[in-house]
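Here's the structure, in structure tokens; my notes come after.
Computed from the coordinates by the stated procedures, all read-outs in this text should not be read as laboratory data. Quick caveat, the model's predicted, so the values are computed rather than measured. Backbone-built Cβ (ideal geometry, glycine too); neighbour counts: all protein chains shown.
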Amino acid sequence: MKLDDNGLLIRNAKLNFLLQKSHSNRFLGCLLAGFSLLISVSLPAQQAADPEDLIAQEEDYYSIVDIPIPDGIELEVGGMAIIPDGSLGVATRRGEVWLIENPYMTGSRIPEFSRFASGLHEPLGLAYHEGSLYTSQRSELTRLTDKTGNREADAYETVVSWPLSGNYHEYSYGPLFTPEGDMLITLNLGWIGHGASLAKWRGWMMNVSPDGEMTPVASGMRSPAGFGYNAEGDVFYTENQGDWVGSGRITHVEKGDFVGNPEGLVWSHLEESPVKLKPEDIPDTGQPMSKVAADIPGFKTPAVWLPHGLMGISTSAILTDQSGGAFGPFTDQLFVGDQGHSKIVRVYLEKVNGVYQGVAFPFREGFSSGILRMVWGKDASLFVGMTSRGWGSTGKDPFGLQRLVWTGKVPFEIKTVKAKPDGFELEFTLPVKESVAKNPDSYQLSSFNYKYHHNYGSPVIELEDLAVKAAIVAEDRMSVRLVVDGLKKGYIHEINAAGISSETGMDLLHAAGYYTLNEIPAGEKVNLSLVENSPANSHQGHQNSDGSTSKEASAATSAAATTENSPKRMTEMPESWSDGPDQTIVMGTKPGLKYDLENFEVKAGSKVKVTFNNNDDMMHNLVIVQPNTAIEVGEMALEMGLKGSQKDYIPDSDKVLYHTNILSPETSETIYFEAPAVPGEYTYVCTFPGHAYVMQGIMRVKE
């Protein structure tokens with residue numbers, strides 16, 4: 001490295017190459033992202049710039065800044081709040097509340113930590129209101145007040161308490177203050193092999209008045225870890241995949257709503273309940289949620305689905321950009337954190353026929369731990385609080401506090417997607433190149449859904465390619481209207497615009513988004529006879545390359561994924577094993593994305609029986625791969641996209657030796673195989689999206 005005349009570091013070609021590679025390796029990207037904040041992109045004058053060097057990276061537009069945490073402080077962030085004096089309040093899962101002065105690290109001062117409160121029971125929320133901090137512990141909402149001005153709470157006051165069964169999964173979140181001065185909290189279901197409301201009001205959102213009166217608002221929640229307001233002041237909450245929940249999602253919540261998980265309805269018979277549905281009113285058919293809800297009054301479906309593995313695996317905080325452009329070109333849009341994938345996604349909402357719906361896009365990944373909380377700083381930067389203990393995340397640190405800062409550069413992105421009577425209108429942050437943007441072949445669209453059933457999660461179902469019949473570019477080249485054949489109300493629509501570029505030749509930073517089409521708007525449709533380049537006739541029947549229709553191909557794919565026996569997945573002992581297996585291995589899971597058996601040994605060529613028990617509360621598989629290929633195979637699984645769940649996230653690769661299918665919690669599977677003939681250390685890994693970076697073990701093959 002050397003310094004230019006302005007004292008700036010010049011990045012050499014090797015580092016540039018590594019940053020390109022980091023686009024597909026999140027951990028390499030994390031490692032390099034912080035370093036790249038200090039340097040500018042430049043090549044020696046005598047060296048021609050390679051077009052690959054111009055590939056945009058997320059860090060070019062939004063920088064992640066580490067906030068140093070003093071040794072001895074386990075800052076497992078459960079809640080955050082900005083104090084009027086500019087300090088940042090942080091509640092931790094260890095039961096403490098810290099005040100951090102100068103969290104922006106202005107000047108030469110480092111942040112100063114002082115402990116404001118301690119002795120709490122896993123607080124998972126924090127809010128400042130009228131001189132006090134409020135936090136939800138396991139069993140109560142607590143007001144913390146510094147009455148002497150020494151930056152330490154003198155008063156710990158119970159605002160309201162609620163019963164617990166003692167189940168470990170009974171997390172409590174909040175509060176969120178309402179404009180009237182009330183507080184909203186949410187109560188997690190317990191876990192007994194499936195979600196269960198083991199104590200009163202578990203699975204509900206509750207309203208708490210300033211004097212401590214608690215009343216129910218809505219039911220049907222499983223793990224409502226995040227909730228907040230959109231730009232219009234309406235409340236939305238986030239949900240994680242689980243039983244009755246096919247994928248992560250955000251849902252608009254109003255009083256009296258039922259939002260999907262029926263376990264909390266065991267309390268709906270109580271007089272104060274605004275929800276009158278009973279558990280037996282909810283059918284367990286596996287039909288898409290939108291179809292089931294259509295026949296059940298009061299059943300509120302998600303405003304936006306966050307496809308599992310593509311938009312994260314464990315949704316958390318919701319925050320609305322009300323910076324007026326100080327955080328970039330996404331004013332009034334939502335940012336949604338993900339604990340499992342250590343990243344943030346972006347959501348644009350619109351109302352159609354009085355119903356919220358919208359689109360989700362990737363935004364920024366590479367955070368150091370699992371994102372649970374976010375809060376706006378006074379300078380329009382975004383504080384991100386993280387924790388991973390027991391929950392696991394792609395970010396390897398056990399906890400962390402970072403700050404996301406806009407660099408001032410505008411990325412080329414799909415800014416919004418709006419539903420039209422015959423398709424969608426895509427608005428961009430920069431003008432598009434008309435010659436490619438008006439070509440319908442520059443876009444790929446599909447629709448899909450999830451099963452609504454008591455099982456944990458769901459594969460993608462009814463995946464169908466959709467024909468783009470026309471692409472009409474606006475005069476200012478800031479938007480494109482797509483005419484799409486086969487829109488499906490109540491389905492998620494993948495919109496991929498990877499074929500277009502900006503006027504200056506930039507590719508989209510994120511080419512794909514996922515629009516939840518709850519309602520199809522009325523209005524005038526495009527007259528295709530007047531549209532240049534309309535290929536409507538050529539797409540009739542939209543057959544695949546093998547001549548099959550999309551529905552046929554999707555059904556075939558799904559059927560292939562459920563095959564019981566294959567060379568890599570033998571679930572029945574081979575008849576030739578007359579003496580049975582030479583060795584039997586039984587393996588389970590531990591919290592934090594871990595197998596309970598870190599390694600085992602087998603003899604080369606021996607007959608092995610492995611029983612995998614998924615006793616976790618997440619979905620996992622067991623995949624044995626060639627040495628030193630675990631991350632590579634895990635990333636192949638991620639790249640399978642929507643078809644991954646249909647194939648149990650098993651890539652078609654010779655690096656995969658043997659595997660189970662994806663197992664729901666509290667289920668097991670046994671496989672049989674002959675150990676490799678070549679001695680060595682063969683990794684076993686979970687290829688469920690994001691798990692491969694953490695969840696690994698070693699099968700040692702001995703001579």
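Picking from THR584, ILE344, TRP191, whose Cα lies most toward the positive end of the charge dipole for the chain (charges on Cβ: Lys, Arg +1; Asp, Glu -1)?
THR584
What order do you get for LEU530, LEU198 when you list them from fewest to most C-beta neighbours inside 10 Å? Don't jump to the answer; show the numbers that get you there.
Details: LEU530 9, LEU198 20.
With the sparsest Cβ surroundings first, the list reads LEU530, LEU198.
What order do you get for ARG115, ARG222, ARG138 when you list them from fewest to most C-beta neighbours inside 10 Å?
If I rank by nearby Cβ atoms, fewest first, I get ARG115, ARG138, ARG222.
Pop out the ³J(HN,Hα) list for region 358-369 in order, Karplus 6.51 cos²θ - 1.76 cosθ + 1.60 with θ = phi - 60°, rounded to Hz; leave Gly and Pro as x.
For region 358-369, the Karplus curve yields x, 10, 10, 10, x, 10, 8, 10, x, 6, 7, 8 Hz.
Have a look at THR251, GLY354, MET206 and report the one farthest towards the positive end of the charge dipole of the chain, computed about the Cα centre with Cβ charges (Lys/Arg +1, Asp/Glu -1).
The one lying farthest along the dipole's positive direction is THR251.
Going by a ≥ b ≥ c, the root eigenvalues of the Cα gyration tensor, does the chain fall in the rounded group (a/c under 1.5), the prolate group (a/b larger than b/c) or the oblate group?
Numbers: a/c = 1.18, a/b = 1.08, b/c = 1.09.
Taking the square roots of the gyration eigenvalues as a ≥ b ≥ c, the chain is rounded.
Under a point-charge model restricted to the Cβ atoms of Lys and Arg (+1) and Asp and Glu (-1), what is the dipole moment magnitude of region 63-406 relative to its Cα centre, in debye to the nearest 20?
Working: 26 positive and 40 negative charges, 144 e Å.
Here region 63-406 has a charge dipole of around 700 debye.
I need THR238, THR629, THR504 ordered by Cβ neighbour count within 10 Å, fewest first.
On the way: THR238 29, THR629 18, THR504 10.
Placing the least packed residue first, the sequence is THR504, THR629, THR238.
Can you tell me the dipole magnitude for the chain around its Cα centre, using point charges on the Cβ only (Lys, Arg +1; Asp, Glu -1), in Debye to the nearest 20? Please list the in-between numbers first.
On the way: 57 positive and 89 negative charges, 71 e Å.
It works out to roughly 340 debye.
May I ask which residue of THR145, SER114, MET699 lies farthest towards the positive end of the charge dipole of the chain, with charges of +1 (Lys, Arg) and -1 (Asp, Glu) on Cβ and the Cα centre as origin?
Towards the positive end, the residue furthest out is MET699.
Summing -39500 (n - 2.57) over the DSSP H runs of n ≥ 4 in the chain and dividing by its residue number, what mean residue ellipticity at 222 nm do you reach, to the nearest 500 deg cm²/dmol? Before the final figure, lay out the partial values.
Values: 6 runs with 52 residues, N = 703.
Rounded to the nearest 500, it is -2000 deg cm²/dmol.
Rounded, prolate or oblate for region 583-702? Axes are the square roots of the Cα gyration tensor eigenvalues, ordered a ≥ b ≥ c, and the cut-off for rounded is a/c under 1.5.
On the way: a/c = 1.68, a/b = 1.25, b/c = 1.34.
Since a/c reaches 1.5 but b/c is at least a/b, the shape of region 583-702 is classed as oblate.
Beyond 32 Å between alpha-carbons counts as too far, so tell me which of LYS409/LYS525; LYS396/LYS655; LYS451/LYS607; LYS200/LYS418 fall in that bin. All intermediate terms of the calculation are to be shown ahead of the outcome.
Working: LYS409/LYS525 36 Å; LYS396/LYS655 25 Å; LYS451/LYS607 38 Å; LYS200/LYS418 41 Å.
Over 32 Å Cα-Cα: LYS409/LYS525; LYS451/LYS607; LYS200/LYS418.
For region 401-497, what class follows from the C-alpha gyration tensor (a ≥ b ≥ c being the square roots of its eigenvalues): rounded when a/c is under 1.5, otherwise prolate if a/b is larger than b/c, else oblate? Before the final figure, lay out each step's value.
Numbers: a/c = 2.75, a/b = 1.21, b/c = 2.27.
Oblate, because a/c is 1.5 or more while a/b does not exceed b/c.
How large is the dipole of region 481-522 about the Cα centre if only Lys and Arg carry +1 and Asp and Glu carry -1, each at its Cβ, rounded to the nearest 20 debye? Display every interim value, and only then the final one.
Working: 3 positive and 5 negative charges, 38 e Å.
Computed charge dipole of region 481-522: roughly 180 debye.
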